[in-house]
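A short write-up of the structure that comes next.
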Ligand code: B12
Ligand code: B12
Ligand SMILES: Cc1ncc(COP(=O)(O)O)c(C=O)c1O
Ligand SMILES: Cc1ncc(COP(=O)(O)O)c(C=O)c1O
């Protein structure tokens, strides 16, 4: 089903109730008092976004200075669906805790050290705890449960310098950082700062696992940036499970290892 | 407040929670199965609409072939607010029934004849009845209440030919048509057809009230077209009240008359 | 019974409704219509249309009317002609070449026998479909109430089908394909699969077949029998009822007054047509849905609450008389109170509970807010949630799921999906909360229900005095005036002669086989 | 009382909470913290900061600690120094030039008297503000409960102000300006109007003043007194409580354990700070809001329901001991049950009603769903509606209005406006429906409430055995482990000497003047 859809549907449009109708819904606030002129401004914006025709179905004054709008309309934009190279999903196999432990034991011949933290002023630990704590997430046990992984969970609101120092002190193989607060781009800003600090701390490093710890960042709203933008090795988004992370770490740090079925 | 806003705010942007942040919300369906590729397609469309960054905050599979998306993001589009010439609001004064009756009596020296109908297959009479019936709308009495206006309400699902015939038979000064069903552009299509029929029926006419009845159309979703597009004299939209219509009719058919306070 | 209504008052209301209905039933017994006669021909096996798309049943009925009049029905002239010229119904052209007369004596008997046999075969198909529905219900399983009822309305049967299947997968128990705006005023039933409707899809036998087949497919996939609904309404009510029986539709919108009030169809035409339609529905085991909800779109839901109850009692009476059992009476009502007024939700609960307690065995159809739905889709989503809540708290049987975009456009795929998420949440979250819903004695809920019921009795009283037709002419229902001598389709009504013969009604009235 | 709870069980729960709290209260009585001492200086009239923005109260307290130690409090050394060098508090630089020692004998008496007089002036201001609030409540009118509580969080006080005013115009009764993410860990209170906060705006005396003035303006415009809230929480809890009193804030988030669990602040530091803060709040006539709702973001709302009740009983006990009256105890709880589980709404009703009936005189603060809010803004709007419904049905006092975008970003102007439309509809539509909400004896609602209460008693029993500090160390609340010898700000805790003198506590504990 999926596959032939992909091959058939080269070019797609949004779908309201008829193939190709291109219908979408938009809402926004304009910092102007409600009135015919404001509604005209709303349609103008909608047309700017490509809605034509654009129907302003709702306009509500929010106090004297602002108006909220809901607009429906048809967009002409075509999506070259076939042309989209699927954002690399999982470029590595999922492993069971057993397999992960085996890989580490066989190849590294020592426990793999992981340091985790929420950096900056972010105190949202539920996400990182879901990955690290034994309790885990979505029915999967967290990394602490893996015999061959040594986890240092530094908790919340950790300063970048403290993180770097700790990573060095325990010889971290991987550093896991969580950023949930995104207001004013805090998550991006903090992550870049963190990546920068590690580069300075490991001047001779050539990459993740090559002279410096693997840098992994996660949080629900990183879908607007790439690892390269941030200077980290991997980003994990909403709904990540511990096994995905463990699998990635093995894949990235022990590429040579092949799980034998 | 409005005025100085207008003068100050030359150029505006959508407002999320900070002046100039340009934030908007968008939702749509794509006819593809849910997955990373579909999400990539969604961001691509959002970027096409001008959202950058665009964050896909929700994606839900609707069966095997469709996915629903909600996207938030920042648009760069600027609205030249000062530049918008306000769509002519009410280009005429509102009159009391008393004034309307007086105007007709004094100038026409006969009752003014109005014919109303829902044309085509549209059976939504609530709107036109709100304008014509004594009961009226929003606390205002309908045109039937005006002593000097003679109302012929033909009801719903009236054929265009029947409408034209009736208008001629009673010497209509104004024809009021309602169109509520807009699917597949029905309202636009039917209105143009109606306007065309009147042009054919009054070949020598030079305009509304000049050789042919004034053509007025109304309905909740005409905000995507202009009277010129449709070939009518005036469009009335959602929330119209009878007095607005009466006032317009006097203004259009008896321009010379001045309401003395 | 949470409202503690007075049984005596309820009994009185029913008695008044029966009295008000009686003269109209008599009218329906003694008249026929072009559509009733065409329905007879469809039951007898006439299908298809001529080159211009005019159905053969129309061509034949018109010819009969012209040549022999309709007061005796089509059956005798048509089957007499077949006998005389040794023709069969598969060859309508030759039949039309023949001249139609009303046979008498021996030839009349022969015509009658053959007509009866032909129509009996049609009814046998209907019986078979009813049995087949029972079989599939047993096989796939019958969802428990409230049934989730969803509308598709693309205008294109081939877009409707995937959307209906998607809706079923997301939890719809009943799919209604609403009709193109104009169809109710067509005096014929279009033929074949159609792709061009405005705000709805044409009701045709082929569209019925295609959609029923598609739903049988998902029913099997889901292990839950998904019901199909359409509209036995408008000028072709009897024929569409017949086609519904022939194609195993499961429910039909069918009201004794909707066409009169909202389509300006002649009252007598409507009353004659609805009686025949209901006799067919009764036989087909189809659940009808009445249209009282519509009154509240033109009248105020609070002021006119009692007109809804009065109309339901009339629909019940007409239905029973036509042979419908209580389980087939999907009486309609709606959540249409202006959300701006105080206590609107509590008043809705009072109205909904009143209907529930007046008709304990009827599969009530509860309609969502429409009139007060605006372009504010969030407010709409909220209002629909409270509709769902009222439906669950008051034990409604069929919930038509509201769309947040009701004020804007006919439902989109995503509107429907979000609407289903809404009702699924409400049902799951609320569970058996109705246990904790105990209207306080003397409280607003109880008192409001009492008041509406007594207003209903007063109204029916007045209707009995003036006659139902007069009441309709005066705009009692939906504040719309419809005099008995006006409206569309009056010319299609014919008073029966003493010799009138209709094998269908005859069979349906004698061999009732109702659960 | 709809749940028919056993008064004996309730009494037992309270007794256990008192017993569990006692050792911690003793701790708080015998210790002080840098922030408590800085609060004393603020009450005495010290304001402003040095060139680097370090508040004078910090500079002075640090100097005192360094030169004379804090075990005797700041008051004696500071006022002794003022006396010795003939200085006043308006000239902190010269004061800092002086050397701090602990006076004795006659000089101690003089220092004490002057300190007491200075602090008394601060308290007089607080008393005056309290009276002023009463005056304005009488003048503009006090909205009836439930109060609509809304958050602004732009990070820029000058964006917050118009948004707060807009919210008030749309119906907000209480405005909370949430703080920048980092502030709770700052060991000083920033100065002046601020425009750069992350996900919140800094709590400063000037920001307090600006927002209170703006709200006084709309209060007059609307003829309804709009309350202002902030957070007496984090390392500067006592100082912020003091500033709140000095700037006439009306409510303050103030919890006995929130800082410990969610900011990893040292338990002893927190318990000492919260006692002083509450003494100030009691005097200022401020309603506190506790933070039990937060537990349900890290623990499961069903499994951990009893930890919320246990914590509320502890907060109540600590509050009473610090002089807060019941009407000042805005105990917190939340609508955080996973909407995917069956009966989630009924369970919420059980929890909410239990809290209501356990604390009949407390202005309960009911928090909306947050944890299960996703990017689906429609599902979010729906869930918030049911939260509003639960709030109204169970008679909650303060409703924090949920945002459909909770799962996405801090509230936008339009999110707030839509949220207000939501709650306005629910309140208007539902009216007095609570009359008809009568939990069935033995039904799920009643049984669930009983169960949670008995689990609470068992938990408090265990806490009494092991001590509250141990329970916290073991992760009893919010499944987060916080040992007493760890966490931020421990070094700011000092054991009081026999000669410890704190004019503030002294005045507050002796001249209580509580309604
Ligand atoms: C729980 C919560 C809290 C709790 C946090 C408790 C705790 N110990 O974590 C409390 C109540 C303390 C809290 C406080 C605040 N919060 Co808060 N909070 C939330 C809430 C409701 C849920 C977050 C959550 O736990 N999600 C569940 C977890 C499992 O999901 P997750 O974090 O996305 O993690 C998953 C993936 O992202 C990924 N992942 C995440 N991190 C990492 C790291 C690695 C290495 C990997 C591999 C994967 C990974 O894997 C996880 C599992 O799948 C959200 C709203 C919401 N519904 O999202 C707001 C929210 C995150 N909070 C918010 C704010 C603003 C605050 C405050 C700053 C408000 C204030 N000023 O007082 C405070 C202060 C906190 C601070 N200083 O940072 C905002 C952030 C807005 C923004 N986008 O910037 C939100 C979105 C609410 C809102 N709409 O305003 N909050
Ligand atoms: C009431 C109603 C009905 C009633 C109509 C009763 C009657 N006698 O009018 C009933 C139940 C019969 C009905 C039936 C149908 N309806 Co209907 N109905 C509505 C509903 C709920 C409200 C419309 C209404 O009365 N608005 C109140 C009036 C006062 O507002 P108004 O019409 O906008 O009029 C104001 C202004 O527009 C203006 N105005 C309007 N006309 C004119 C004319 C002039 C000259 C002037 C000056 C001003 C003016 O002034 C009025 C007062 O301010 C809307 C949904 C909604 N909430 O809008 C659906 C809606 C209009 N219906 C719809 C549909 C599809 C149908 C059906 C076709 C469905 C079907 N296939 O069965 C049927 C068939 C009807 C037909 N053949 O046309 C769709 C139309 C979709 C679209 N955009 O194309 C809607 C939007 C619902 C939906 N989302 O699907 N409907
Ligand atoms: C009872 C009934 N019949 C018919 C219809 C549909 O109208 P039409 O007959 O024009 O398709 C409705 C509309 O809701 C209805 O309620
Ligand atoms: C009781 C309490 N205090 C404080 C806060 C705010 O946290 P912070 O102290 O980091 O500003 C909250 C958050 O909701 C809270 O519930």
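A short reminder: the numbers here are calculations on the coordinates, not readings from a lab. On a predicted model such as this, the values are computed, not experimentally measured, just so you know. Glycine gets a Cβ as well: all are built from the backbone with ideal geometry, and neighbour counts include every protein chain shown.
Observations on the structure shown:
- Chain A - share of DSSP beta bridges that are antiparallel (%, nearest 5): 50 percent
- For the segment A:58-71, counting C-beta atoms of other chains within 10 Å of every residue's C-beta and taking the mean gives 6.
- Taking N as its residue count, the alpha carbon Rg of the stretch C:234-378 over 2.2 N^0.38 Å: 1.07
- Exposure proxy ranking, count of Cβ atoms within 10 Å, fewest first, for A:77, D:80: A:77, D:80
- Spatial extent of the stretch C:43-109: Rg and Dmax, with the Cα atoms as the point set, Å: 11.4, 38
- Projected label points at residue D:104 and residue C:196, each 7 Å from Cα along the beta carbon direction, are separated by 10.9 nanometres.
- At q = 0.03, 0.04, 0.06, 0.07 Å⁻¹, base-10 log of I(q)/I(0) for the protein assembly as shown (Debye sum, equal scatterers on each alpha carbon): -0.18, -0.32, -0.70, -0.91
- Shape index of the stretch A:136-248: Rg/Rh, with Rg the Cα radius of gyration and Rh the Kirkwood radius from the inverse mean 1/r over Cα pairs, equals 0.94.
- Debye log10 I(q)/I(0) for the stretch D:93-143, one point scatterer per Cα, at q = 0.14, 0.28 Å⁻¹: -0.59, -1.00
- Chain D: angle of helix D:305-321 to the longest principal axis, Cα-based, in degrees nearest 10: 40 degrees
- Percent of C-alpha pairs per 5 Å bin in the stretch C:265-346, short distances first: 3, 15, 21, 20, 16, 11, 7, 5, 1, 0.
- Label distances, nm, residue C:90 versus same residue in remaining copies, Cβ-directed 7 Å point: 11.6
- Rounded to the nearest 10 degrees, the inclination of helix C:7-30 to the longest alpha-carbon principal axis of chain C is 20 degrees.
- Taking every residue in B:224-232 and counting other chain Cβ atoms within 10 Å of its Cβ, the average works out to 1.
- Of the peptides C:474-485, D:384-395, the order by per-residue mean of other Cβ atoms within 10 Å, starting with the highest, comes out as D:384-395, C:474-485.
- In nm, spacing of pseudo-spin labels at residue A:169 and residue C:113 (7 Å Cα→C-beta vector): 10.8 nm
- Principal axis extents of the Cα atoms in chain C, from largest to smallest and rounded to whole angstrom, are 72, 53, 39.
- The mean of 1/r over all pairs of different alpha-carbon atoms in the stretch D:294-420, once inverted, gives a Kirkwood hydrodynamic radius of 15.0 Å.
- Rounded to the nearest angstrom and listed largest first, the equivalent-ellipsoid semi-axes of the stretch B:34-99 from its Cα gyration tensor are 43, 19, 8.
- Peptide D:412-424 has a mean shielding of 6, counted as Cβ atoms of other protein chains within 10 Å of each residue's Cβ.
- Ranking of C:36, B:71, D:493 by count of other Cβ atoms within 10 Å, fewest first: D:493, B:71, C:36
- Inter-copy spacing of residue D:454 label points, which lie 7 Å from Cα along Cα→Cβ, given in nm from shortest upward: 4.8
- Relative to the current alpha-carbon distance between residue D:474 and residue D:6, full extension at 0.36 nm per residue lengthens the span by 165.5 nm.
- Per the axis that maps chain D onto chain C, nearest residue of D (Cβ criterion) and its distance in Å: D:438, 2
- Label geometry 7 Å along the beta-carbon vector: residue D:138 inter-copy distances in nm: 8.1
- Helix D:377-393 and the longest principal axis of the C-alpha atoms of chain D enclose an angle of approximately 80°.
- For chain A, the mean residue ellipticity at 222 nm estimated from helices alone is -8500 deg cm²/dmol, where every DSSP H run of n ≥ 4 contributes -39500 (n - 2.57) and the total is divided by all residues, rounded to the nearest 500.
- Rounded to whole Å, sorted largest first: equivalent-ellipsoid semi-axes of the stretch D:186-268, Cα gyration tensor: 25, 14, 11
- When the P(r) is computed for the stretch A:91-186, the part past 18 Å accounts for 50% of the Cα-Cα pairs.
- Beta bridges assigned by DSSP with both partners in chain D are antiparallel in approximately 15 percent of cases.
- Fully extending the segment from residue C:139 to residue C:506, taken as 0.36 nm per residue of separation minus the present Cα-Cα distance, adds 128.7 nm.
- Rg/Rh for the stretch B:178-238 (Cα atoms only, Rh after Kirkwood) is 0.98.
- Per residue, the convex hull spanned by the Cα atoms of the stretch C:401-515 measures out at 307 cubic angstrom.
- For the protein assembly as shown, share of DSSP beta bridges that run antiparallel, in % to the nearest 5: 40 percent
- Residues residue C:50 and residue B:159, FRET efficiency given R0 of 22 Å [Cβ-Cβ distance, rounded to 0.05]: 0.40
- Net lengthening on full extension, residue C:325/residue C:30 (0.36 nm per residue, minus Cα-Cα): 103.9 nm
- 10 Å binning of all Cα-Cα separations within chain B, expressed as whole percents from 0 upward: 6, 23, 24, 18, 17, 9, 2, 0
- Alpha carbon Rg of the stretch D:1-54, scaled by the compact-globule rule 2.2 N^0.38 Å: 2.10
- Stokes-Einstein D (µm²/s) once Rh is taken as the Kirkwood radius of the stretch C:33-144 over alpha-carbon pairs, at 25 °C in 0.890 mPa s: 162 µm²/s
- nm² value of the averaged projected area, convex hull over the Cα atoms of the stretch C:140-252: 6.2 nm²
- Three semi-axes of the equivalent ellipsoid, the stretch B:73-116, Cα gyration tensor, whole Å, largest first: 44, 13, 9
- Ascending count of other beta-carbon atoms within 10 Å, so fewest first, for C:501, C:158: C:158, C:501
- Measuring how big the stretch B:1-155 is from its alpha-carbon positions, Rg and Dmax come out at 25.6, 73 Å.
- Within the stretch D:425-489, the percentage of alpha carbon pairs spaced more than 14 angstrom apart rounds to 73%.
- The smallest convex shape that holds all Cα atoms of the stretch D:350-426, its convex hull, gives 86 Å³ per residue.
- Each residue, residue D:209 and residue B:98, gets one label point 7 Å from its Cα in the Cβ direction; the gap between the two is 5.7 nm.
- Per residue convex hull volume, Cα atoms of the stretch C:120-202, in Å³: 134 Å³
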